[in-house]
1. Among SER413, SER105, SER163, which comes first, second and so on when ranked by fewest other beta-carbon atoms within 10 Å?
2. Kirkwood Rh over Cα pairs of the range 313-404 into Stokes-Einstein at 37 °C, 0.692 mPa s: D in µm²/s?
3. Label ARG136 and THR314 with points 7 Å out from Cα along Cα→Cβ: what is the distance between them in nm?
4. Counting other C-beta atoms within 10 Å, which of LYS196, LYS414 has the fewest, and how do the rest follow?
5. What are the extents of the Cα atoms of the range 83-179 along their three principal axes, listed from largest to smallest and rounded to whole Å?
6. What is the fewest-to-most order of LEU97, LEU264 by other Cβ atoms lying within 10 Å of their Cβ?
7. Sorted by packing (mean other beta-carbon atoms within 10 Å per residue), highest first, where do 227-233, 275-281, 299-305, 285-291 land?
8. Determine how many Å³ per residue the convex hull of the Cα atoms of the range 320-465 encloses.
Amino acid sequence: MNRHNTETLTAQTNTPHRRRVDVTVLVIHSLIVLSVTGFIACVAMRPEVVLGRSESSLVPAGWTAPTGAIIVCGLGLLALAAVPMYPTIGLWVYVILAYGFDRYSPEYDLLLCSGLLECVAALTALGWAGWMIRRRLRPALPSGLAWVLLALVIWVGISTAASLLSGGHWRPSLRHHPVLFVDALIMFLLSAQFLKHRRDYCLFALILGVTLGVRSVLFPDKIPLCNDLSGLTVVAAPLVILAAIIARGKIVQAAFVLLAMGLLWVLYQTQNRAAAVAVIPVLLVLWLQSRRKVLVLALSLPVILVVFALFTTTDYWQRFADIWREGPRLGGAQGRLNIWRAGLKMASDHPLVGVGPGNFAARIGDYSPALARCEPHNNFLAMLSETGLPGLALYIAFFFGAVGAAWRAGRYSKNAWIRSAACFIAAALVAYLTVGCFLTRHTQTLGYMLAGATVALTWKVPGRKPTENASKTGQGDVSNAHSGG
């Protein structure tokens with residue numbers, strides 16, 4: 001019997017076994033998903049049953065979750081039953097639930113109090129494990145960035161343990177709870193493993209853009225001065241523009257162009273200064289990555305000058321003019337400087353392990369009673385004061401490494417769509433880091449997903465080479481992605 005017949009017989013022999021494994025994995029995962037969904041439904045109907053979370057009082061007494069929010073969360077959890085077949089579903093559900101609700105609404109507070117986002121991450125990881133079992137694959141960290149992030153998560157755990165053992169009051173903010181770093185690690189690894197096709201980036205941009213667009217349409221009164229929506233919009237805009245470039249079909253491209261214009265209009269309506277500042281480095285990165293810098297500059301500079309001239313006549317520009325006139329309030333420059341000075345004093349008192357992840361707001365009052373419960377309004381200061389110098393070093397190494405990898409892929413990849421994807425992902429990461437200089441977003445999972453997408457574009461799988469046919473057709477995105485860095 002030749003080798004081909006032997007392999008065929010073996011595959012046929014293993015088919016019933018593989019089917020049994022597939023059914024077992026899907027049934028077990030579906031039962032777990034249904035159990036978690038039932039628990040979350042009970043929590044939604046009676047939020048007071050949530051105990052042991054430091055900010056469960058954020059949910060107003062007597063408040064009941066809207067029917068629409070319950071349906072969205074329920075459908076999202078039920079969709080996780082398909083993760084063993086399509087692991088990226090976990091990414092999309094997390095994006096919709098984490099960014100589809102206003103950050104300061106009771107609905108979002110219920111997400112935090114109930115642990116729904118942690119459930120989504122855990123069920124996604126469990127379903128991903130089932131996906132690997134079905135394919136007899138072994139887990140592996142895809143790149144050096146994954147090791148850096150793993151080290152950061154471990155250090156966050158060490159900092160948390162040190163804060164608990166020190167006897168100090170550790171009351172972490174649920175919006176910056178240390179468990180969110182575990183969620184970020186899971187979503188990073190999932191993005192690094194599966195965001196390899198151009199259709200994945202189009203779907204990523206579509207889900208994120210539509211989520212933010214629907215949120216702004218349903219709650220137009222919450223758009224002005226919304227730092228959460230503005231920060232997400234300035235990060236999502238490069239992804240939507242990327243989808244408009246790499247999508248197949250003129251109609252689809254036109255739809256993404258309209259979505260990008262809608263997001264830019266929402267960004268303008270927020271009138272958030274941090275988001276407006278982030279637009280500048282985004283444009284700079286896109287220009288530096290272009291291969292015809294002189295032509296691009298000649299065509300875009302007049303447009304930029306006209307837009308800037310019109311911008312100076314708006315109320316948005318007036319917010320910049322009044323930045324020093326707002327006195328010591330949080331919205332003014334002086335208020336931020338006061339927070340940063342107190343945060344640096346906090347960091348100097350706890351240089352090694354910090355005061356504990358998410359504990360900045362609980363401890364800032366010890367250094368300035370007038371700033372009690374204020375957030376650090378800076379990702380780097382948050383990491384320094386909450387996790388110490390090692391935590392800050394790992395955070396910087398991770399995100400600057402991701403930007404560097406995306407930059408190299410955008411400059412040197414031989415694949416056109418990978419060059420475009422890497423360029424716009426680098427711009428989105430720069431937007432995230434710039435916004436993070438003025439707003440507290442160090443636990444925002446979206447930034448870690450973008451870093452994972454960078455790995456997916458640049459990671460060369462050992463022992464796997466692109467085939468000749470794959471490199472010539474649009475079906476070879478996976479192989480090309482592996483060799484594009």
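1. SER105, SER413, SER163
2. Answer from the Stokes-Einstein relation: 232 µm²/s.
3. Computed distance between label sites ARG136 and THR314 equals 5.9 nm.
4. Placing the least packed residue first, the sequence is LYS414, LYS196.
5. Result for the range 83-179: principal-axis Cα extents of 47, 32, 19 Å.
6. Going from sparsest to densest Cβ surroundings: LEU264, LEU97.
7. Output ranking for 227-233, 275-281, 299-305, 285-291: 227-233, 275-281, 285-291, 299-305.
8. Spelled out: Cα convex hull of the range 320-465, divided by residues, is 118 Å³.
Coordinate-derived values only; no laboratory data. From a predicted model like this one, the values you see are computed outputs, not experimental measurements. In this analysis, Cβ positions are derived from the backbone assuming ideal geometry, glycine residues included, and neighbour counts consider all displayed protein chains.
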